[in-house]
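Visitor: I'd like to ask some things about the structure below.
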Amino acid sequence: MTDPAPRDAVALAADVRAGTLDPAEVLDQAINRIRELDPQINAMVATRFDEARGEVAAGLPDGPLRGVPIVIKALGTDVAGLPTADGSRLFADTVATVDSTIVQRYKAAGMIVLGTTNVPEMGKTTTTESLLHGPCRNPWNTGYSTGGSSGGSAAAVASGMVPVAHATDGGGSIRIPAAMCGLVGLKPSRGRVPSWPHPVGLSSPLSYHHAVTTSVRDSAALLDVVAGHVPGDAYGAPTPTRPFVDEVGVDPGRLRVGVIRVAPGPFPTDPECTTAVDRTVATLEGLGHEVREVELGVDVIESMATVGTIMGAQLRATIDDRLAELGRELDDDDIEPWTRMILDNAMTHTAPGVARALQAAQRTGWKVAELFGPDGVDVILLPTLPSTTPELGFLDVTDPESMWTRSSAFSACTGVFNISGQPAISLPAGTDTRGLPLGVQLVADYGREDLLLRLSGQLEAAAPWARIAPGFTGW
């Protein structure tokens, strides 16, 4: 049976600090869980168990999350000695030589890095079913998607392999898997978490690093560990006045919540996703918040075109650089058909077109910001997804025409906030008629993760969720 309230990472670290748990014991338990569960879930693509044992034996740093196991998303993030394939056959033999800043900070906090997780090829779809690594399976029902592109990380946490996992978000890739796997997924403000050593060029205005977790306070505690720019970063979010973890449990006051009940743009919204929003509205009103309808005021189709142009240019540069390194042309089986369609489309973009896309992104940021402030709202509430979790195979990377019509809908509620830069969090909000998780999304003004965490913590206390998928054991 599912443990209704397993220990989260903060509680696990407290037990290690108190001496009631030994880090070596925790490590062995995590390794055993991965070995037992991953054959049915396929969340992991590489492990470093021997290295982790050596680090524990040598003594972990006395950081705030000492002894907590974590896995790293295998996309745009390096763990020294592990492959950096980004889910692509074109990069299958590449190996990292250094730890990314975010991995360095996890280790400095005393965390135990166990390996890397499954991703779709180069993060270009909202399900984790690459031809290189195979499909990642949702612990709530293994016939269904985990979402993408942080699907492996979400599956590892939802199945209880590890209590927390690193994730990234270029159009919803933290929030979408969090919603599909019943987890908390926070996309921070632009510039909050560094990406070194990956400059990520043109995609840096859109891509964000953080985590998927079972509790709000774990998300806050992990953000405290990794937040803070690296000198030379192109972006840097405002420094918080106190640790983010201290915001969880603080009364947010009476907030003005603007609700969007259906997905913006032309995408139909499943009634079950709207029902999840309505349930959250009722909880918010019961907590004394003022809730009113608002409109996003952004052309979602134009926003998707903006994302496609910016990230397409980055994809083209990435593939061009790899082919130059290999000294050859692109072969038919180097990349998946869906990625090839994105690349072919990017080949039609011009330098002025990319410049205009970046300008459109800035205008989107200004437009979304107009919703906040003295005459606006404090927080926006909307569905994380416009539709319920799809079965594996619904988003088929070998069928580009099908992907073209199906894939965009899953980021209809999330991608605009990658463009605009505001922090956004997906919270569990019950289940659909099939027993699969539903999620709702809260968005605050730029730099206001503190407000999101206060409100999210209040909602978690008022309407708690099962932290682990049914049939699995929490920490």
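Visitor: Please go through the range 220-263 and give me each residue that is touching a residue at least 60 places away in the same chain (Cβ under 8 Å), more than 23 Å from the chain's Cα centre (by Cα) and open to solvent by less than 50 Å² (accessible area, probe 1.4 Å), ordered by number.
Guide: Val250, Pro252, Leu255, Val257, Gly258
Visitor: Out of the helices (runs of 4 or more DSSP H) lying entirely within the range 70-187, which hold 3 or more residues that are closer than 29 Å to Thr398 by Cβ and open to solvent by less than 10 Å² (accessible area, probe 1.4 Å)?
Guide: Working: elements: 101-108, 151-158, 175-181.
Correct list: 151-158, 175-181.
Visitor: For the range 4-56, which residues satisfy the criterion of being within 24 Å of the chain's Cα centre (by Cα), outside any helix (DSSP H, G or I) and not aliphatic (A, V, I, L, M)?
Guide: Pro4, Pro6, Arg7, Asp8, Asn42, Thr47, Arg48
Visitor: Condition first: out of contact with any helix residue (DSSP H, G or I) (no Cβ under 8 Å at 6 or more places or on another chain) and at pLDDT 95 or above. Now tell me which residues in the range 204-230 satisfy that. Before you say what the answer is, go through the steps one by one.
Guide: Within the range 204-230, the first condition is being out of contact with any helix residue (DSSP H, G or I) (no Cβ under 8 Å at 6 or more places or on another chain), and the residues that meet it are 204, 228-229.
Hit for the range 204-230 is Gly228, nothing else.
Visitor: Have a look at Ser426, Ser456, Ser407 and point out the one that is within 18 Å of Ser303 (Cα to Cα) and of a type in the set (Ser, Thr, Tyr). Even if it seems obvious, please write down each step before you answer.
Guide: Working: Ser426 fails: within 18 Å of Ser303 (Cα to Cα); Ser456 fails: within 18 Å of Ser303 (Cα to Cα).
Unique residue meeting the criteria: Ser407.
Visitor: Hey, another quick one. Checking the conditions here, which among Val368, Val397, Val377 is among the hydrophobic types (A, V, I, L, M, F, W, C), surrounded by 18 or more Cβ atoms within 10 Å (Cβ to Cβ), in contact (Cβ under 8 Å) with a residue 24 or more places away in the chain and touching an Asp or Glu at 6+ places or on another chain (Cβ under 8 Å)? Steps first, please.
Guide: Values: Val368 fails: touching an Asp or Glu at 6+ places or on another chain (Cβ under 8 Å); Val377 fails: touching an Asp or Glu at 6+ places or on another chain (Cβ under 8 Å).
None of the others qualify; the one that does is Val397.
Visitor: Within the range 334-365, which residues are without any contact (Cβ under 8 Å) to a residue 12 or more places away in the chain, assigned to a helix (DSSP H, G or I) and under 30 Å from Thr398 (Cα atoms)?
Guide: Passing the criteria: Asp344, Ala351.
Visitor: Could you say whether any residue in the range 38-47 is crowded, with 19+ Cβ neighbours inside 10 Å, of a type outside the set (Val, Ile, Thr) and without any contact (Cβ under 8 Å) to a residue 60 or more places away in the chain?
Guide: Scanning the range 38-47 turns up no residue that is crowded, with 19+ Cβ neighbours inside 10 Å, of a type outside the set (Val, Ile, Thr) and without any contact (Cβ under 8 Å) to a residue 60 or more places away in the chain.
The values are calculated or read from the model by the stated rules, or taken from the named source; none is laboratory data. Model, not experiment: these values are computed from the prediction. All Cβ positions, even for glycine, are placed from backbone atoms using ideal geometry, and neighbour counts span all protein chains on display. SASA here: full protein model, heavy atoms, side chains in, ligands and nucleic acids out. Shrake-Rupley method; radii C 1.70, N 1.55, O 1.52, S 1.80 Å.
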